[in-house]
1. Can you find a residue in segment 344-356 that is in a loop (DSSP other than H, G, I, E, B), in contact with a helix residue (DSSP H, G or I) (Cβ under 6 Å, 6 or more places away or on another chain), surrounded by 11 or more Cβ atoms within 10 Å (Cβ to Cβ) and free of Cβ contacts under 8 Å to residues at least 24 places away in the same chain?
2. Inside segment 374-391, can you point out the residues that are assigned to a strand (DSSP E or B) and surrounded by 14 or more Cβ atoms within 10 Å (Cβ to Cβ)?
3. Taking the criterion of being in contact with a helix residue (DSSP H, G or I) (Cβ under 6 Å, 6 or more places away or on another chain) and closer than 17 Å to residue 277 by Cβ, would at least one residue in segment 139-151 satisfy it?
4. What is the number of the single condition among (1) out of contact with any helix residue (DSSP H, G or I) (no Cβ under 9 Å at 6 or more places or on another chain); (2) surrounded by 12 or more Cβ atoms within 10 Å (Cβ to Cβ); (3) under 19 Å from residue 264 (Cα atoms) that residue 236 does not meet?
5. Which members of segment 286-331 meet the condition of being touching a helix residue (DSSP H, G or I) at 6+ places or on another chain (Cβ under 8 Å), within 22 Å of residue 118 (Cβ to Cβ) and modelled with pLDDT under 70?
6. Which residues, counting only those in segment 275-304, are without any contact (Cβ under 8 Å) to a residue 60 or more places away in the chain, assigned to a helix (DSSP H, G or I) and under 23 Å from the mean Cα position of the chain (by Cα)?
7. If you scan segment 207-233, which residues turn out to be crowded, with 16+ Cβ neighbours inside 10 Å and not in a helix (DSSP H, G or I)?
């Protein structure tokens, strides 16, 4: 965490300098344009009069040229300062992060079957992010066999999202109406929010769109029992239509953030309807790896220092349990408190008579003389009395 904080501080410094540089550039360019405009006017006047430059005009021109030169030099100096800050970020990354991850990542990842899984995860991520051309190129170069049915939902979602980013509601509305029943089963408010946004666009058109907005308000009728208050707010805004919504208590309806929200709502509900995750498996794995790698590298260093080479086999287990936070909780899991391994179908969790739970492999290792003594309490019991738990 300290390493990340150090790099973050350097990035913050660069960001602040970029913001200042942008402001300086804007002011500098305005000054340059002003000087150039003034020079053009003076030279144009002199050219029309066909007279040589007066001493006053020559002085003005010299001053303008000097100011232009000083402004350019200041901008160049600021740019050099930013470049040095960016270099410090790179050095901070090199200083705080170990680039050698070969000891952390098992070689089995790059074998044919596992490599193909990784390639498919990258392809799915590219399709989900709308990078269709890159995904197609990767399919060809990796000879991955991607079915048309696999691509279709991503192509459809990305085309609708692209239209929403251009503030075109028609494709999303058609999709929502077609899937109305499935969206209702998910308790989705997507269709209402699309109609609401279309109604707001009509309001933004001014008094000339009043009748059209009133007519379109009939689309809200199926949603009245769930969104009564929001509908009332939109109807109330009609009172201020002739005065302009921008200067009314309803100006929040014109906020551009509504378009960002509708893109997020559509992505979430459409992915839920099609059985897709909102975040691609690759991005989730990457985020989990960012949390896990520093811990694993520290454990690896401890193992090497103490020469405990057999502690971590790299196959399907980690030497310790790593907490990734609630965001990465997708299903219930149980890690055996004895063997420190997550249970599987072949090694399920077993509940003992005393109520404690261990894995089947741990139970088999604890059997002594046909009897089992619970590792957490002194109760002796018959191993056959243990019952499998299903989460």
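The values are calculated or read from the model by the stated rules, or taken from the named source; none is laboratory data. In this text the structure is predicted, and so the values were computed from the model without any measurement. Here Cβ is always computed from backbone atoms with ideal geometry, including for glycine, and neighbour counts include all displayed protein chains.
1. Within segment 344-356 (the criterion being in a loop (DSSP other than H, G, I, E, B), in contact with a helix residue (DSSP H, G or I) (Cβ under 6 Å, 6 or more places away or on another chain), surrounded by 11 or more Cβ atoms within 10 Å (Cβ to Cβ) and free of Cβ contacts under 8 Å to residues at least 24 places away in the same chain), the answer is yes, since at least one residue qualifies.
2. So in segment 374-391, the residues assigned to a strand (DSSP E or B) come out as 380-381, 387-388.
Within segment 374-391, 381 is the sole residue that qualifies.
3. Checked segment 139-151: no residue is in contact with a helix residue (DSSP H, G or I) (Cβ under 6 Å, 6 or more places away or on another chain) and closer than 17 Å to residue 277 by Cβ.
4. (3)
5. Within segment 286-331, 312, 314, 315, 318 meet the criteria.
6. Correct list: 284, 286, 287, 288, 289, 290, 291, 292.
7. 227
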